[in-house]
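Please read the structure below before turning to the comments.
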Amino acid sequence: MLLTDYLDAAAGQYPGKTLLIHGDRKFTYGEINAAACGIAAGLLESGLEPGFRGALLTDDPFCYITSYFGIQLAGGVVVGLNTQTSAAGLAYVLEDCQASVLIAAEKFNRYIQDALPLSPSVRLLILSAGTDEQKQSGQPWHIQSFADLCNCPPLPVQHRPYRSSCDFAQIIYTSGTTGKPKGVVLRHANLRANTTSIVSYLDLQPSDRVMAVLPFFYSYGNSILLTHVAVGGSLVVNQSFLYPNTILQQMVDHEVTGFSGVPSTYALLLNRSAIASFSFPKLRYLTQAGAAMSPELARRLKAIFPASRIFIMYGQTEACARLAYLPPEEIERKPGSIGKGIPGVELRVLDKDGQPVKPGEVGEIVARGENIMAGYWNRPEETREVLRPEGLWTGDLATCDEEGFLYIVSRKSDLIKSGSHRIGPKEIEDVLAEHAAVHEAAVIGI
């Protein structure tokens with residue numbers, strides 16, 4: 001079972017249903033699937049071998065979604081690139097993953113022209129708008145128009161390269177706290193396991209329509225894309241938070257049933273928008289992940305959305321995004337908790353010797369499940385450091401209470417040393433966040 005099976009199935013069952021709403025543009029499952037199949041056919045005509053890396057540098061959701069599935073239909077591995085990039089950063093990732101193809105928006109051309117000479121593996125550049133002048137520029141890479149690629153005759157199912165669920169589907173680069181970004185390698189089976197689990201505990205249905213504000217190259221945004229395509233749901237996409245009231249109005253206009261964000265997303269909505277003047281009768285659930293949410297922010301969120309289910313979640317890119325969630329009914333009883341492992345995931349809090357700690361004692365969260373990554377791209381030593389016999393060592397320090405609920409203390413690398421004391425900055429940040437004048441807080445050691 002592959003990720004592309006999600007799109008195949010939904011397009012077969014709901015060909016005329018809207019998958020994507022972006023501004024005043026709407027695209028059905030049938031249209032997205034046809035474009036993805038055209039992209040796959042065009043890529044295969046270029047002689048690419050199964051397992052090739054196809055990089056995406058675009059903030060246009062139609063281009064991203066169709067290319068995401070098109071690359072995989074052609075037997076490739078998707079590498080979504082951070083649009084907040086530079087020529088040097090782009091060149092590093094392209095060379096590190098040895099990308100053969102780069103599909104990009106024209107607006108990033110100033111970075112591309114400086115990066116590609118440093119990335120000789122790239123043989124095909126696909127731009128959202130390619131001019132004759134660019135095509136005749138004498139560069140060693142071939143330039144093709146994205147529109148032309150979409151309009152290639154669709155790739156028949158029987159002509160698709162054989163891929164199994166154990167094959168690599170995607171590489172997501174993590175910024176990390178030190179050193180160069182690392183490529184997290186995820187198999188089709190990893191992503192499908194996590195998608196199935198999230199769909200289960202959120203109870204996602206074909207009728208669900210999510211407001212997607214997080215970029216798809218980010219693991220959280222990637223899971224929002226996959227979970228909603230998996231059930232035949234819809235995506236309302238606006239990934240610019242310059243005008244939060246516009247996003248709130250779109251949520252009302254399109255009757256969204258779900259919203260997902262990181263703590264800073266919710267802090268902005270609560271403090272810098274007119275959210276209290278809006279009503280969201282169709283909003284069924286909200287999810288939060290990406291960083292720890294303070295109990296005070298969670299309390300304020302519940303007051304604004306009393307009728308919506310709020311899921312506090314925890315995860316890592318190395319786990320395809322999700323490892324734990326706190327059931328909505330436990331928010332008031334377990335303030336500050338990230339809950340327990342999602343279906344199919346086992347979480348333990350272990351000491352440095354791999355032994356379970358007692359309730360209330362601090363240890364490191366270690367995870368096991370089908371969603372755990374294959375490893376870091378071309379980094380065997382760093383892979384061995386985190387993938388050990390016990391499971392994935394997350395680097396997150398936590399405690400566990402008598403009922404098995406987990407509480408994050410700090411990232412292992414974030415602990416502040418003061419004399420003989422080890423101070424978790426999150427504990428101080430949560431106290432600061434209780435003050436009415438504080439929107440967000442970050443505590444560091446000096």
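Things worth noting here:
- Charged neighbours of Ile416, selected by a Cβ distance under 13 Å, balance to +2 (K, R count +1; D, E count -1).
- The 3J(HN,Hα) values that the Karplus relation (6.51, -1.76, 1.60; θ = phi - 60°) gives for the stretch 354-369 are, in residue order, x, 9, x, 8, 6, x, x, 8, 8, x, 9, 6, 10, 10, 10, x Hz. Gly and Pro appear as x.
- The dipole here belongs to the stretch 315-401: it is taken about the Cα centre, uses +1 on the Cβ of Lys and Arg and -1 on the Cβ of Asp and Glu, and is about 100 debye.
- Principal axes of the stretch 45-188: Cα extent on each, largest first, Å: 41, 40, 26
- Computed from Cα atoms, the angle from the helix 295-304 axis to the main principal axis of the chain rounds to 70 degrees.
- Positive dipole terminus of the stretch 151-278, leading residue within Pro263, Gly233, Val185 (C-beta point charges): Val185
- Sites count as exposed loop sites when they are trypsin sites (Lys or Arg not before Pro), lie in a DSSP loop, and have at most 11 other Cβ atoms within 10 angstrom; the longest stretch of the chain without one is 1-332.
- Prolate/oblate/rounded call for the stretch 322-369, Cα gyration tensor, a/c under 1.5 rounded: oblate
- Here r is the Cβ-Cβ distance between Glu429 and Asn271 and R0 is 22 Å; the resulting FRET efficiency, rounded to 0.05, is 0.90.
- Using C-alpha pairs under 8 Å with a sequence gap of at least 6, the mean separation divided by the residue count of the stretch 64-156 gives a relative contact order of 22 percent.
- Kirkwood-Stokes translational diffusion coefficient of the stretch 142-297, alpha-carbon pairs, 20 °C, 1.002 mPa s, µm²/s: 119 µm²/s
- Centroid-to-centroid separation of the stretch 14-36 and the stretch 62-132 [C-alpha atoms, Å]: 23 Å
- Binning the alpha carbon pair distances of the stretch 60-115 at 10 angstrom intervals from zero yields the distribution 22, 55, 23, expressed in whole percent.
- Local net charge near Arg368, Cβ-Cβ under 12 Å (Lys/Arg +1, Asp/Glu -1): -1
- Distant alpha-carbon pairs in the chain (separation over 37 angstrom), percent: 26 percent
- When the Gaussian network model of the chain links Cα atoms closer than 10 Å, the mean-square fluctuations of His188, His159, His22 top out at His159.
- For the stretch 245-381, accessible area per residue (1.4 Å probe, heavy atoms of protein chains only), Å²: 43 Å²
- Segment Tyr243-Asp24, length gained on full extension (0.36 nm per residue, minus Cα span): 77.2 nm
- Computed over neighbours whose Cβ is under 13 Å from that of Phe69, the net charge equals -1, Lys and Arg +1, Asp and Glu -1.
- With each label modelled as a point 7 angstrom along the Cα→C-beta vector, the Glu45-Leu415 pair spans 5.8 nm.
- 22 Å Cα cut-off, lysine pairs counted over the stretch 291-446 (separation 8 or more, or different chains): 16
- Relative contact order [Cα under 8 Å, 6+ residues apart], the chain, whole percent: 12 percent
- In the stretch 261-312, the chymotrypsin sites (Phe, Trp or Tyr not before Pro) that fall in loop regions by DSSP, at most 16 other Cβ within 10 Å: Phe278
- Among Asn82, Ile428, Gly404 - extreme Cα towards positive end, dipole of the chain, charges at beta-carbon: Gly404
- Difference of contour (0.36 nm per residue) and Cα-Cα distance, Ala442 to Phe305: 46.7 nm
- Simple Cβ-charge dipole of the chain, Lys/Arg +1 and Asp/Glu -1, about Cα centre, in debye nearest 20: 120 debye
- Amide H contacts under 5 Å for Gly395, placed H, 5+ residues apart: Ile365
- Residue among Gln113, Leu19, Gly51 farthest towards the positive dipole end of the stretch 1-121, charges placed on Cβ: Leu19
- Taking a straight line from the alpha carbon of Lys182, these aspartates and glutamates sit under 14 Å away, with near neighbours fewer than eight places off in the same chain left out: Glu95, Asp96, Glu318, Glu381, Glu382, Glu385.
- Our compactness index for the stretch 216-366, the C-alpha radius of gyration over the empirical 2.2 N^0.38 Å, is 1.12.
- Volume of the convex hull of the stretch 195-235 (Cα atoms only), normalised per residue: 56 Å³.
- Stretch gain in nm, segment Val157-Arg333, where the contour uses 0.36 nm per residue and the Cα spacing is subtracted: 58.3 nm
- Note on Asp353/Thr174: beta-carbon distance plugged into 1/(1 + (r/R0)^6) with R0 of 25 Å gives a FRET efficiency of 0.40.
- Note on the stretch 222-296 and the stretch 151-204: Cα centroid distance 24 Å, given to the nearest whole angstrom.
The values are calculated or read from the model by the stated rules, or taken from the named source; none is laboratory data. Since the structure is predicted, the reported quantities are computational estimates derived from the model, not experimental observations. Glycine also receives a Cβ, built like all others from the backbone with ideal geometry; neighbour counts cover every protein chain displayed. SASA here: full protein model, heavy atoms, side chains in, ligands and nucleic acids out. Shrake-Rupley method; radii C 1.70, N 1.55, O 1.52, S 1.80 Å.
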